[in-house]
1. Calculate the FRET efficiency for N146 and D124 from the Cβ-Cβ distance with a Förster distance of 30 Å, rounded to the nearest 0.05.
2. For every other residue with a beta carbon closer than 14 angstrom to the beta carbon of A70, add +1 if it is Lys or Arg and -1 if Asp or Glu, then tell me the sum.
3. Whole-Hz ³J(HN,Hα) for each residue in region 18-33, computed from phi via Karplus 6.51 cos²θ - 1.76 cosθ + 1.60 with θ = phi - 60°, x for glycine and proline: what do you get?
4. Around S166, which amide H atoms from residues at least 5 apart in sequence, or from another chain, sit under 5 Å from its own amide H, with H modelled in the peptide plane?
5. Can you list the residues, at least 5 places off or on another chain, whose amide H is less than 5 Å from the amide H of I51, using H built in the peptide plane?
6. Please list 3J(HN,Hα) in residue order for region 52-68, calculated via the Karplus relation 6.51 cos²θ - 1.76 cosθ + 1.60 where θ = phi - 60°; whole Hz, with x for glycine and proline.
7. Structure shown: which of K46/K89; K133/K156; K48/K162; K71/K156 lie over 24 Å apart, alpha-carbon to alpha-carbon?
8. Using θ = phi - 60° and the Karplus relation 6.51 cos²θ - 1.76 cosθ + 1.60, list the HN-Hα couplings for region 159-167 in order, rounded to whole Hz, with x at every Gly or Pro.
Amino acid sequence: EYGAQVSAVMSAKYGSIDEKQALVFVGYGNIIPELGIDDYDGLDVKGKTVIVALGGPKGMQHQDFEDRNAKFENAVARGASGLILFYPKASLLQNVIFKQVHGFLSKDLLTLADPTIESLVNVDLRLMLFAKKGFVQEILKLNGLNLKKALRAMAKGQLVSKPLSSSIHCIIGVDKT
């Protein structure tokens, strides 16, 4: 449900969209060769929507771990056409974090020309969504995966990325007035 579990960033390039795309879980979605990290290794994500968690393995430091733009750029570089980003930590703060992000993304006066979101809307992705952890948990559960177990493995640096049998159908319109 839009506004309750998921929020969207619209690209001026695409305007209104009606997309159905296969889903691929790519863990943290990091591509950092100097640390030997490639969460997309062996996956075909071309034309698909990737599900990406903010962060990186425990005990490792890198600026891209919490950088949403790096997550978007990695998805584009590998050919994805959609991204669902979620914050995997602090279950008690999920509602607060989501409300803040959704509030920012859905301001009445927000326009596609707003420089504060320029870096978001210039990424070549048809779908750019921010979701609550519970939304992602339900998607993975439908695919026989446990998000809690996946997050523990990811924190240890294990590659848990995999294609899912589910797809997403998303219809979003932009009021250009």
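1. Once rounded, the FRET efficiency stands at 0.40.
2. Cβ neighbours under 14 Å give a net charge of -4.
3. Here the 3J(HN,Hα) series is 9, 10, 10, 9, 5, 10, 9, 8, 10, x, 7, x, 8, 10, 9, x Hz.
4. L23
5. Those lying under 5 Å, H to H, from I51 are V24, F25, V26, I84.
6. Per-residue couplings from phi come out as 10, 9, 5, x, x, x, 4, x, 10, 10, 6, 4, 6, 4, 10, 8, 4 Hz.
7. K46/K89
8. Once rounded to whole Hz, the list reads 7, 10, 4, 6, x, 10, 7, 7, 10.
Read-outs throughout are calculated quantities, based only on the coordinates presented, and are distinct from any laboratory measurement. Computed from a prediction, not measured in an experiment: that's the story for all the values here. FYI the Cβ positions are ideal-geometry reconstructions off the backbone, even for glycines, and counts take in every protein chain you see.
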